[in-house]
Amino acid sequence: MNAANIAEIIAFALSAFIAVAGALGMATTMSMFRSGIFLMASFMGVAGLFVLLSADLLGLLQIMMYIGGMLVMILFMVLFMQDPGGAMMADMPDMMTPVGKIFSLGLKQNDPTGTGPEEEGEGRDGDDDNMGDMDMSDMAMVTPAYRWAVWAALLTAGGLVALLLLRPAWPLASGALDPRSAERIGSLLMDKYMVGFEGAGFLILIGIVGAVFMARTGRHGAKADRDSRSAIEDTPPEIEADPLTPLAGDIGQTGPGGAA
Amino acid sequence: MTVPLTAYLVVGALLFAIGVYTVVAQRGAVMVLMGIEVILNAIGLNLIAFWRFVAPADYSAQIFTIFIITIGAVEMAVGLGIMMLLYRQRQSVQVDDYAELRG
Amino acid sequence: MGVAEEIGFVLLALLGGALLTAGLERLLGTAERGPARPLAVARATALPNADRWLLPAGPISGLAGVLFGTVVIPFGPTLIGRDLGIGVFYFIVVIDFVVLGVALNGWGASTSDAVESCYRIVAQLVSYIVPLGLAYVGAIMMARSLVTTTIVDAQSGLWFIVLQPLGFALYLVTGLMQSYRAPFLEAFSDRIGGGVLGVVGGGPALVWRVTLSGLLFLVAAMGAILFLGGWSGPFLPPPVWMALKTYGLMALMLSLGHLVRPLSTAEMLALSWKILTPAGLVNVLIVGILILLHIGPA
């Protein structure tokens, strides 16, 4: 057991721990943003495993795609969800699973002075007790089927690991690895897998065009814009010398033509 | 290689199980997408582990993993686009609210 | 070099580079706006809603990004942290950690200005990453390698700036976007109180200072390697040439940037998708034609 072997085992243990703990954190934490960050951490653990397996180009490709992609996706998620930061859920520890409590440590609870982050679709009550009219079960992050899901996951993990440990040995080959993996991959992509490469490019193009097309607002604008426009048209004209007018001055500035 | 092939495959199996849990149990559509990404990641790990230990001369496994990563990214983008359209219709992205496709 | 020597060299290179960058910005007078503005290191900020896990992770991620990026920059034929086989690709990937760091710091601080900064920086990432990659691809294609020292060696006949002027112009613009200097200041602009830089104080502020100055240094150094021939030159020793080219490119970028008024995030995105990405694709086409005509290194 020389130093290189020990270093390799430590690197493997660290990367594997980050990968699995990150995935577990993503599945159980109460904060959406942390969920995304944990997923990113899990991918970096897997990228570390790829580099240990001498697939360094692939490990870096994984990091590049997922930091760029995941980060944008997390921010998307924040726009659409209630309580993306987990501040509301941090006040309700009895709604979390035991594992979820560990991964939700350090989340700051609701600050009633109103200096917290802005959240879309959720008014800032500034008051923890104002939840009486909301149905508690709507707040859960998991569906009612989650006990079945836990059993399914445990059975899957147990079954796969048992199969792995009991299976007879694979025909292992050990050869000298080509250090110029980037050139090898590049020439294979252009050579043997050209059709797949072009097909993947075409698929990405279709995906881009489709996603942009789907995300466009229609000819009449989004519902929120239409509502705000009709709300503005319904307000009566301002009264001269009204002492309250300067305070309401912001409403008149989101004119037709939509979001600033 | 002092770390055996089985170790990498066990990590892959654990990631797969966590991904399955996430896809089935989470309510938000974006969380389901994230679970699918974890599953694809576990598959990629399996592919590369087998490449390294069983057939290191043929780089096809890395090509396949590149394709998996790419297609996973495209699928996530399209999924988010669909989710945004659904949100505009109903102001909710919980999968429980879209139950009328079932049955 | 042994591992300890590599780490020492990287630290020295980064800190020296960041220091000289800060000095250059002060000299050129471009240090009033954006991330180069003087930071109140002694200020203690009280953030009532801070996310205790994400907030400290921000500066760490940013600093790690710049440190890992310095590893593949050669300052001489053998003066490099580690000559990775995937050098330039590794560099692009690792610099993204700085964006991640700002995003984590912004979200973790949980004030509306910091979260706004987090969103703007990710929008800026989306807008620069494709044209930057295309500018890199031109130089990589001509050198036929991702290794930084090989790219420098391939320019021993003729610098790539002569063969790929469009790629160089593209690199100037996207390099400014990548290092958050004028005119792409929106993520740290004064209208949001400096964004993330307005809510850090003390130790994290110093770390961000080193990170953002180091980021500009690395962007200019990589530009010197890709387009200006790196450490090659007639009389002076290689590190001196490298320093001259890096800081010359940096001075060019900063001065040209300050001639343009600051752009808003929407304008940045429009610029990227309407002008820079097509220009990048045209650049790749031109470089391909040049290679097919056997112009440039063999």
Filter result for C:Arg191 (open to solvent by 10 Å² or more (accessible area, probe 1.4 Å), free of Cβ contacts under 8 Å to residues at least 60 places away in the same chain and farther than 30 Å from C:Phe160 by Cβ): yes
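Report yes if some residue within the stretch C:131-139 is facing chain A (nearest Cβ under 10 Å) and not aromatic (Phe, Trp, Tyr); otherwise report no. I'd like the intermediate steps shown before the answer.
Initially, the stretch C:131-139 is screened for residues facing chain A (nearest Cβ under 10 Å), giving C:133.
Remaining after also requiring not aromatic (Phe, Trp, Tyr): C:133.
For the stretch C:131-139, residues facing chain A (nearest Cβ under 10 Å) and not aromatic (Phe, Trp, Tyr): present.
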Which condition does A:Ala47 not pass, out of (1) among the hydrophobic types (A, V, I, L, M, F, W, C); (2) crowded, with 24+ Cβ neighbours inside 10 Å; (3) farther than 20 Å from C:Gly65 by Cα; (4) more than 7 Å from chain B (Cβ to nearest Cβ), if it passes all the others? (3)
Residues within the stretch C:202-226 that are over 21 Å from C:Leu28 (Cβ atoms) and at pLDDT 90 or above, tallied: 2
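Among the residues of the stretch B:79-98, is any within 20 Å of A:Gln62 (Cβ to Cβ) and more than 7 Å from every other protein chain (Cβ to nearest Cβ)? Can you show your working first?
The first filter runs over the stretch B:79-98 and keeps only residues within 20 Å of A:Gln62 (Cβ to Cβ), leaving B:79-80.
Adding the requirement that they be more than 7 Å from every other protein chain (Cβ to nearest Cβ) leaves B:79.
Looking through the stretch B:79-98, at least one residue is within 20 Å of A:Gln62 (Cβ to Cβ) and more than 7 Å from every other protein chain (Cβ to nearest Cβ).
Filter the stretch C:189-205 for residues that are under 21 Å from the mean Cα position of the chain (by Cα), of a type outside the set (A, V, I, L, M, F, W, C) and part of a helix (DSSP H, G or I) and give the result. Don't jump to the end; show me each part of the working.
Kept after step one, since they are under 21 Å from the mean Cα position of the chain (by Cα), are these residues of the stretch C:189-205: C:189, C:194-197, C:204-205.
Adding the requirement that they be of a type outside the set (A, V, I, L, M, F, W, C) leaves C:189, C:194-195, C:204.
Selection gives C:Gly195, C:Pro204.
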Taking the stated definitions as given, is B:Ile71 of a type outside the set (Gly, Ala, Ser) and open to solvent by 20 Å² or more (accessible area, probe 1.4 Å)? yes
If A:Leu58 passes every condition in (1) open to solvent by less than 30 Å² (accessible area, probe 1.4 Å); (2) at pLDDT 85 or above; (3) within 13 Å of the chain's Cα centre (by Cα) but one, which one does it miss? (3)
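Condition check ((1) in contact with a helix residue (DSSP H, G or I) (Cβ under 7 Å, 6 or more places away or on another chain); (2) at the interface with chain B (Cβ under 7 Å from one of its Cβ atoms); (3) among the small types (Gly, Ala, Ser); (4) over 30 Å from C:Leu84 (Cα atoms)) across all residues:
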{"site": "A:Asn2", "(1), (2), (3), (4)": "no, no, no, no"}
{"site": "A:Thr28", "(1), (2), (3), (4)": "yes, no, no, yes"}
{"site": "A:Ile37", "(1), (2), (3), (4)": "yes, no, no, no"}
{"site": "A:Met40", "(1), (2), (3), (4)": "yes, no, no, no"}
{"site": "A:Leu57", "(1), (2), (3), (4)": "yes, no, no, no"}
{"site": "A:Met65", "(1), (2), (3), (4)": "yes, yes, no, no"}
{"site": "A:Val72", "(1), (2), (3), (4)": "yes, no, no, no"}
{"site": "A:Phe76", "(1), (2), (3), (4)": "yes, yes, no, yes"}
Modelled with pLDDT under 80, part of a helix (DSSP H, G or I) and open to solvent by 90 Å² or more (accessible area, probe 1.4 Å): does that describe A:Arg226? yes
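The values are calculated or read from the model by the stated rules, or taken from the named source; none is laboratory data. As the structure is a prediction and not an experimental result, all values here were calculated from the model. For neighbour counting, all protein chains shown are included, and Cβ atoms are generated from backbone atoms with ideal geometry for every residue, glycine included. Keep in mind that these areas ignore ligands, DNA and RNA; they rest on the heavy atoms of the full protein, side chains included. Shrake-Rupley method; radii C 1.70, N 1.55, O 1.52, S 1.80 Å.
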